[in-house]
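Only the coordinates and a few stated rules stand behind these numbers; no lab work does. Because the structure is a prediction, the values reported are computed rather than measured. Cβ coordinates were reconstructed from backbone atoms using ideal geometry, including for glycine residues, and neighbour counts include every protein chain displayed.
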Amino acid sequence: MLLAGTCCTRNAEQMLPRAIDESLAGEFDNVFNDVRNYTTNEVHSLIVVKDGKVVYERYEPGHEPEVRHILWSASKTFTATAVGFAVQDGLLSTEDKVLKFFSEEEIPAEHNPWLDQMTVKNLLTMSSGIEPIHAGIPRYDEDYDWAMTQLSQPMYFEPGTRFRYDSFDSYLLSVIVSRVTGQRMDEYLDGKLFKPLGITDWFWESSPQNYSSGGWGLYLKPESFAKMGQFLLQEGVWNGTRLLNAEWVKEASQPHVMQYAGTDPTPEKLEEYKKDDKKIGYGYQCWISPGGGYRLDGAWGQYCYVYPEKNLVISCFAHSNDSRLLRNSIYERILARF
């Protein structure tokens, strides 16, 4: 059951050009088999876009092209993109202090001075320093204020010095974008991104305070997910029109923090980390990937890979408890082909 949020459903969505290459099917179909053979789970859809055209696509029953799918944490990259549009519109800066956007009533009277240092960039790079909220909290209780709770959490480290993944950092970004634009973040993105890309059928869960959840909760059709990857690949241009400045896309897709920052790994560990796609860097709400790319990354296998040098986008929806197996299969079966 979908939770409260904003939903937009209109006519059939604009499609990417097709240049289906039947010779790719044999190898790329094996991505579905790899997951099915080694887990009890499944790949739901897979789209490969090369040079701006769909060269391969497959959808499993129940997950047809017209069916929206949850993105889980791949939603975060859309939140970062909303921040990019707000920066472009002159409404905020990545160096703005987070507390600037919250009232005295929302900020604990007694708090760690590190909280005063925290910037928008720290939220974007999962280096806020806030101790993550544990599972089991009453998130959808109407009396539970997500932002106030996040700002009241203990500080784990000085902002910017370490990586600590926390979806409520993304939620704070959603609140900030909403406050500087005067619109819910997803509604702001509808005008800035979704409509220009022809994404007309989407849903985004919201908090009890009526802000988009930010770190999760976006539902899109498979091709809409691929179009987001193509938009980023084209560095903010769509159908010949620049929507978002290229500098933002380049900045967002660079590693700003290493996931092992502050842990003082041994040389042997560093060599090991170079082969681990969860340890080779984090951008603005996106993960750096092997081979010169980056990815939108959601739980249980929601991936959209962007490889600028290969002019390649790989978009996948799945439900796999062995997400690393799925990622490795994509690298070995698809990325290696190009």
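Observations on the structure shown:
- Residue (of Ala19, Leu46, Gly191) at the positive-pole extreme of segment 5-337, dipole from beta-carbon charges: Ala19
- Helix-derived mean residue ellipticity, 222 nm - over the chain, DSSP H n ≥ 4, -39500 (n - 2.57), to 500: -8000 deg cm²/dmol
- Taking His319, His111 and counting other C-beta atoms within 10 Å, the order from fewest to most: His111, His319
- Checked against a 19 Å cut-off, the cross-linked pairs Lys53/Lys227; Lys50/Lys274; Lys76/Lys310 give Cα-Cα distances beyond that limit for Lys50/Lys274; Lys76/Lys310.
- For segment 249-320, a Kirkwood radius taken over Cα pairs fed into Stokes-Einstein (37 °C, viscosity 0.692 mPa s) yields D = 253 µm²/s.
- Here, segment 180-250 yields an orientationally averaged convex hull projection of 5.2 nm² when only Cα atoms define the hull.
- Using C-alpha pairs below 8 Å separated by at least 6 residues, the relative contact order for segment 93-159 is 41 percent.
- Over 12 Å [Cα-Cα, segment 292-335], rounded percent: 57
- Remark on segment 226-274: Rg and Dmax equal 16.5, 48 Å (Cα only).
- Across segment 182-338, Cα pairs under 8 Å and at least six residues apart give a relative contact order of 16 percent.
- Rounded to the nearest 20, the Cβ-based charge dipole of the chain about its Cα centre (Lys and Arg +1, Asp and Glu -1) stands at 860 debye.
- Residue range of the chain that is longest and free of GluC sites (Glu not before Pro) which are both DSSP loop and sparsely packed (at most 15 other C-beta within 10 Å): 143-338
- Evaluated at q = 0.07, 0.08, 0.10, 0.14 Å⁻¹, a Debye calculation over the C-alpha positions of segment 5-337 (equal weights, vacuum) places log10 I(q)/I(0) at -0.27, -0.36, -0.57, -1.13.
- Selection among Met148, Phe163, Ser207 by position relative to the dipole of the chain gives Phe163 as farthest towards the positive end (Cβ unit charges, Cα centre).
- The value of relative contact order for the chain, using C-alpha pairs under 8 Å at least six residues apart, is 26 percent.
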